[in-house]
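J.: I am attaching a structure below and will ask some questions about it afterwards.
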Amino acid sequence: MAEKAPWAPEFAYRGGALCVEDIPLAAIADEVGTPCYVYSSAQLERRFREFAGAFEDVPTRVCFSVKANPNLAVVATLGSLGAGADVVSEGEFRRALAAGIAGNRVIFSGVGKKASELEFALANDVYQINVESIPELEAVSAIAQRLGKDAPIALRVNPDVDAKTHAKITTGKKENKFGIDLAHARAVYRQAAKLPNIKPVGIAVHIGSQLTSLRPFETAFRRVAELYRTLRADGIAVDRLDLGGGLGIRYRDETPPAIADYAAMVKRITGNLGATLSFEPGRAIVGNAGVLVSRIVYVKKAVTHRFVIIDAAMNDLIRPALYDAYHEILPLKGPATKRGLKEAEIVGPVCETGDTFAKKRMLPTVAAGDMVALMSAGAYGASMSSGYNTRLPVPEVLVRGTNFAVIRPRPSYDAVLAADRLPPWLTVK
Ligand SMILES: *Cc1c(COP(=O)(O)O)cnc(C)c1O
């Protein structure tokens, strides 16, 4: 385990029980059932305040990246602290609105926004549309004309910087599908400025997720700052810089930059531009604020391995299968002592070999019926879950001090089955 637990102090052992804020996780799991996601309001608020506070002295909007954790209660918790939202679909836009975040605090990102989605954004007075291609720019212009509105746009530029993160979450290399090549950006801005009802207000960049070094950010931001100066000299009145998200967190032993150091670097590069900044952090706010609680179904001693089979699966938390991601696994009764640790493969029940949470993991002696927490599961956990194997959608719980509330109940099997329809030519007895 990492020397200093990155999820602390909101998740810690007290009296032999792993607690979230002032409640033992086991008490929640006993009531809600397993598997379930549990989030700490205190940590959400602490991380958001730390991020926003680091930019207090410059005009800044912190727009929470909704796709990291779209639960309305999570988005509303952050919205009530002044967060805006970064959304990548009409569905997420609607979530932001439903969570009390007005359209003029929403940034609309994404490489494939449809006409209906762009129309929804403009009708709701979106703060900024981050445009990723010339065809998209033309679509925005046509829709804005039809609505009789000016569309505030930034071009998302691709600075060709290697974020040095997992290949599946690198977005700022020129071979990635994202953004407009930096070398073409100046010409595209000129084109944009001439299009009817298009108002270029800023430049946007987002080079990837789970970055653990400042260097790629710094390289990208320098390139964007230079473009900003060039555009202003060209007479294009941009006055915003959207520097995206991507700041990493510690899952195991990574040493991601502190928010304060990230902020100092940003201010060093952008300080004299006079731009209004925006950020789109997701993981850095919610990643360590959530856990997935699961119960051990069986401990199976096979020929070569000891398998600990838990009732959570890859459909509930796909990061290990998709990104080879590491999640710390802690027993709810503990803490574990060095003595009595045994190597185990921690797996779910889904019919895929990829349904493996951890290989060769040292776990204390555990038995069927015991519960564990998969730590650092607040970002890209529930949001990427699916109904594969007709497992019931995993419920979510939000804790605040000594209180907790189910913020997404587990539906019944009847409700899940009722979502399908038989065609008129089929009847079942
Ligand atoms: C996913 C995404 C983010 C959030 O990334 P994190 O690594 O969670 O901070 C921000 N901006 C855009 C455009 C994204 O696609």
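J.: Roughly how big is the chain's charge dipole about its Cα centre, with Cβ charges of +1 (Lys, Arg) and -1 (Asp, Glu), in debye to the nearest 20?
T.: Once rounded to the nearest 20, the dipole reads 520 debye.
J.: Something else: For the chain, what proportion of DSSP beta bridges, expressed in % and rounded to the nearest 5, is antiparallel?
T.: Taking every DSSP beta bridge with both residues in the chain, the antiparallel ones total about 50 percent.
J.: Still on this structure, please answer the following. Within 10 Å of each residue's Cβ, count the other Cβ atoms and sort 298, 39, 388 from fewest upward.
T.: In order of increasing Cβ crowding within 10 Å: 298, 388, 39.
J.: Here's another thing I want to ask about it. Pairs of Cα atoms under 8 Å, at least six residues apart: use those to get the relative contact order of region 109-281, whole percent.
T.: Details: 317 pairs, mean separation 34.2, N = 173.
Computed over region 109-281, the figure is 20 percent.
J.: Turning to a different aspect of this structure: What distance in nm lies between label points placed 7 Å from Cα along the C-beta direction at residue 307 and residue 429?
T.: Computed distance between label sites residue 307 and residue 429 equals 3.8 nm.
J.: Mind checking the dipole of region 109-281: about its Cα centre, +1 per Lys or Arg Cβ, -1 per Asp or Glu Cβ, Debye to the nearest 20?
T.: 220
J.: Okay, moving on. For the chain, what is the relative contact order in percent, using Cα pairs closer than 8 Å and at least 6 residues apart in sequence?
T.: 19
J.: Among 296, 169, which comes first, then next, by fewest other beta-carbon atoms within 10 Å?
T.: Values: 296 20, 169 16.
The order, fewest Cβ neighbours first, is 169, 296.
J.: Among the complete DSSP H segments of the chain, which ones combine at least 15 Å of alpha-carbon extent along their axis with a mean Kyte-Doolittle hydropathy of 0.5 or more?
T.: Within the chain the helices that satisfy the rule are 134-147, 259-270.
J.: Let me ask another. Starting from the exponent 0.38 and prefactor 2.2 Å, build the expected Rg for the chain from its residue count and divide its actual Cα Rg by it.
T.: 1.05
J.: List 214, 322 from most exposed to least, where exposure is judged by having the fewest other Cβ atoms within 10 Å.
T.: Going from sparsest to densest Cβ surroundings: 322, 214.
J.: What's the magnitude of the charge dipole for region 86-155 around its Cα centre, counting Lys and Arg as +1 and Asp and Glu as -1 at the beta-carbon? Answer in Debye, nearest 20.
T.: Dipole of region 86-155, to the nearest 20 debye: 180 debye.
Every number here is computed from the coordinates shown, using simple stated rules; none is lab data. The model shown is predicted, which means the values in this text are computed figures rather than measured ones. Using ideal geometry, Cβ is built from the backbone for each residue, glycine included, and neighbour counts are taken over all protein chains shown.
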